[in-house]
Amino acid sequence: MKRAEIANGFNSEAVSRAVRLLEHGEVIAFPTETVYGLGADAFNAAAVAKIFELKKRPHFDPLIVHVSRKEWITTLVSDLPHQARLLMDRFWPGPLTIILPKSTRIPDIVTAGLATVGLRMPSHPVALELIERLGRPVAAPSANPFGYMSTTKADDVASLFDDRLPLILDGGPSCFGIESTIVSLAEGRVVLHRHGSVSSEELSAAVGEVVETTRPDGKCAAPGELPFHYAPLTPLMIITGPEQVENENSAFLSFTEPTRPVRSKHVLVLSRSGDLREAAANFFSYLIQMDRKGAEIIYAQKVPEKGLGKAIMERLKKAEQKRVVVIR
Ligand code: TXA
Ligand code: MG
């Protein structure tokens, strides 16, 4: 199968080609510091519709709008509470998405008909350069087919989309490796919708109390955040350590260096020193590698649920959930 062209995103001519494609209503893949994105001109509804076709999403799902300048926000939202400014000053450019009431400038397809829009200024130099040279915001979901894991490398994007993308800008591996943290504001408080690359502790330190969205019915607060998102095709089970490995035809995703022998055929270690930041950066690319091993099951070792560990565990639980759904 023919694969999409990968071009060096640090090459100015490659970025020019990407900008021309976006101007012509095409969708391209580009790097961000969290994960790779599938981008289209956020003001071009037809181009945005192509994103949904490419992802094979069964329904429209609101997309994050990426900017290269904080000043743009005033034309994209109908209200900018002072806490939003605080968050932008503290975390932008960076892996925080802020949900705000949208202005009419943003086509409804971008927000799937919602009155709010998720906004983010990425810090990856290639993403910033691309958006800045386009001169318009870029709507982008993570670059993965619906329900599959996000991608953190240009090569992984290429193998998942074959020749269905005209261009993939390569900006190296995404340094955070998990998606942005998503927050909204309600009555002056910061509401956390998705754990991500900014930890809830960092958020609290910056803005005080952070309220987590409660999901008493198991449903997620962000539309499109299905309980079994982010899943590999291979069934996944969360375990505490190698002693719980039962099936040898398996892959074991270890958090730190295993302290005892592992019976699994394939073993990958997220961070030998147990560093959550390093673990997050390796997370999706390791899971994608394991998904290709032909193993019957992926065992994933629990990580401590603090800092970025919460974001990793949120994704692991969703991947495990899919197994339950499939078996039933
Ligand atoms: O790190 C990231 O956020 C990456 C990079 C490319 O920026 N993007 C990303 O996009 O993860 P996506 O589409 O895969 O996930 C965005 C999530 C979706 O689950 C969507 O439902 C939620 O954000 N979302 C977007 N806009 C929203 C809104 N207005 N209200 C509630 N949820 C929203
Ligand atoms: Mg996604």
**Q.** Rg and Dmax [Cα atoms of the chain; Å; Rg one decimal, Dmax integer]
**A.** 19.3, 59
Q.
Please compute the length gained on full extension between residue 89 and residue 112, using 0.36 nm multiplied by the number of residues separating them and subtracting their Cα-Cα distance.
A. 5.5 nm
Q: Could you tell me how many degrees, from 0 to 90 and to the nearest 10, lie between the Cα long axis of helix 308-327 and the main elongation axis, the longest principal axis, of the Cα atoms of the chain?
A: 70
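Which trypsin sites (Lys or Arg not before Pro) from segment 64-118 combine a DSSP loop assignment with at most 12 other Cβ atoms within 10 Å? Let's see the in-between values first.
Working: sites: 69, 70, 85, 90, 102, 105; in loops: 69, 105.
Sparse-neighbourhood loop trypsin sites (Lys or Arg not before Pro): none present.
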**Q.** Net length gained if the chain between residue 296 and residue 46 were fully extended (0.36 nm per residue, minus Cα distance)
**A.** 85.9 nm
Q | Distance-filtered residues of segment 110-149 - backbone nitrogen under 16 Å, label point 7 angstrom along residue 191 Cα→Cβ | A | 114-119
(Q) Once you order the gyration tensor axes a ≥ b ≥ c over the Cα atoms, which shape class does segment 236-327 get: rounded for a/c under 1.5, otherwise prolate or oblate by comparing a/b with b/c? (A) oblate
**Q.** 0 to 90° range, to nearest 10: angle between helix 12-23 axis and the chain longest Cα axis
**A.** 70
Q. Label points 7 Å out from Cα along the Cβ direction at residue 11 and residue 317: separation in nm?
A. 4.4
Q) Taking Cα atoms, how many degrees apart are the long axis of helix 45-55 and the longest axis of the chain, rounded to 10 and kept between 0 and 90? A) 10
Q. Going down the list 56/153; 102/317; 102/318; 153/306, which pairs span over 22 Å between their C-alpha atoms?
A. 102/317; 102/318; 153/306
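Values quoted throughout were computed directly from the atomic coordinates according to the rules given, and no laboratory measurement underlies them. Nothing here was measured: the structure is a model prediction, and the numbers come from that model. We place every Cβ from the backbone using ideal geometry, glycine too, and count neighbours over all the protein chains shown.
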